[in-house]
Amino acid sequence: LNRKDVVGFNITIPHKIETFLLVKDTITKICPEVSLTSAINTVKRQGDKLLYRNTDPEGFRKSLNQDLQFDAKNKNVLMLGCGGAGRAVIAGLNQEPRIKKLYIYEPNPKAAKSVSGLEYECNFISKRDMNKTIPDCQLLVNASPIGMKEGDPLVIDKNLLHKGLFVYDVVYNRETELVKEAKARCQAASGGLGMLLYQGVAAWEIWMRQKAPVKIMRKVLEEELNKKC
């Protein structure tokens, strides 16, 4: 990694958070995306220094706009799960234009400690609060791993999915039961392939200082995922 001919590199699961913990005391200025997520996924060499970024929030936000065509400004959002993917979603929603309110369902009580520095109201809710919360939301985001494996159940009661709701599932390796139900019941639904694509697009442009070949990247990504399905 100290080779001068290496422009940069990616870091992925399960090393994003560990990398941040390893280098945080050496960073003079932490970018907002890294600060909000406590994770690093993109590193760029600049002379003798390494610059640390996290492109996952931008990847989510761009996919939300491009794939779901959702305008997040002043909207209420319910997010399921608050792990690494959830923190990336939170940071993405913190970008301009910002949402109005974020509700989070996460069974792990320690997850609340990872949420700070937001420009909108954030509320952790219990499972029994779902019925009264989701009708007031315009976007539902599944940031949990439920749906990645064949046979995984629907992450939420299908009867809670309403016509005015947009649904985004960060799972990208298959069409989840949530996305299938949402396509029939909701305004629009999308899986997480675009988030994977656009975080890579952002990383490419950080390294190369030029526009990424997005169409080619999407085509190759879809082809490779189809081989594994």
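Observations, loosely collected:
- Basic side chains Lys and Arg get +1 at the Cβ, acidic Asp and Glu get -1 at the Cβ, and with that the dipole of the stretch 145-229 about its Cα centre reaches some 320 debye.
- Calculated P(r) tail over 32 Å for the chain, as whole % of Cα pairs: 19
- The shape of the stretch 150-225 comes out prolate: with a ≥ b ≥ c from the C-alpha gyration tensor, a/c is at least 1.5 and a/b beats b/c.
- Computed from Cα atoms, the angle from the helix 84-93 axis to the main principal axis of the chain rounds to 90 degrees.
- Nitroxide proxy distance, nm - points 7 Å out along Cα→Cβ at Ser35 and Asn159: 4.5
- The residues of the chain expose, per residue, 56 Å² of accessible area to a 1.4 Å probe.
- Straightening the chain between Asn10 and Gln69 buys 18.5 nm, computed as 0.36 nm per residue apart minus the Cα-Cα spacing.
- Rolling a 1.4 angstrom probe over the chain with all protein chains present gives an accessible area of which 51% lies on carbon and sulfur atoms.
- Principal-axis tilt of helix 193-208 within the chain, Cα atoms, nearest 10 degrees: 20
- Contour minus Cα-Cα distance for Leu225 and Gln46 (0.36 nm per residue): 61.1 nm
- Segment Leu22-Asn173, length gained on full extension (0.36 nm per residue, minus Cα span): 51.4 nm
- Farthest towards the positive end of the charge dipole of the chain, among the residues Phe60, Ala202, Thr28, is the Cα of Thr28, using unit charges on the Cβ of Lys, Arg, Asp and Glu.
- Debye, to nearest 20: dipole size of the chain, +1 on Lys, Arg Cβ, -1 on Asp, Glu Cβ: 340
- Arg98/Met148 FRET efficiency (R0 41 Å; Cβ-Cβ; nearest 0.05): 0.90
- Restricting attention to the chain, close to 30% of DSSP beta bridges with both partner residues there are antiparallel.
The values are calculated or read from the model by the stated rules, or taken from the named source; none is laboratory data. Bear in mind the structure is a predicted one, so any value in this text is a computation, not a measurement. Virtual Cβ from ideal backbone geometry, glycine too; neighbours counted across all protein chains shown. Please note that ligands, DNA and RNA were not included when accessible areas were found on the heavy atoms of the full protein model with its side chains. Shrake-Rupley method; radii C 1.70, N 1.55, O 1.52, S 1.80 Å.
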